[in-house]
Amino acid sequence: MLSRIMDGFAIIGRFTKYFGLCGNAGILSGIISGFILMLASLENNTSISDKELFYIGFILTIFCYSIVLIVFSGLGSYTIKSIALPSFINSVLVVFTTVYITNYFDCFCYAWLLGAIIGLLIGLILCRINSFNKNIKNGL
């Protein structure tokens, strides 16, 4: 059983190694926020106001940000100082975009998948911006 779980992590690791830290943090934030939105929609199927969406996004951002810090600093080889600000910006953008798009299209059943796609796209964009800024600073 444990070997099958480790094989699953190896397959996921081979797939996500090309996305960099930003992409993986975005995917993690998107899946967590989307999964929690999906579970919340199973309990409550009423419409959500904009004010409630902001509160949900704020709470999910704090939760996803703490999970990303724990995973990448506790289990990974990064220090909190090196990933604190980039992962916060990534979590804010991914979670709020996931919450608002999921509510707009009313697709709470697939919120985790939508969150993963949004997280990957935002993460890759942030990685590209970061590499562009490093090239400008180095004079390339």
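Label separation (Ile125 vs Phe105): 1.5 nm, computed from points 7 Å beyond Cα along the C-beta direction. Spin-label model, Glu52/Ala40: points 7 Å from Cα along the beta carbon direction are separated by 0.9 nm.
Computed from the coordinates by the stated procedures, all read-outs in this text should not be read as laboratory data. Everything quoted here is computed from the prediction, not taken from an experiment. Positions of Cβ are backbone-derived with ideal geometry, glycine not excepted, and every protein chain shown enters the neighbour counts.
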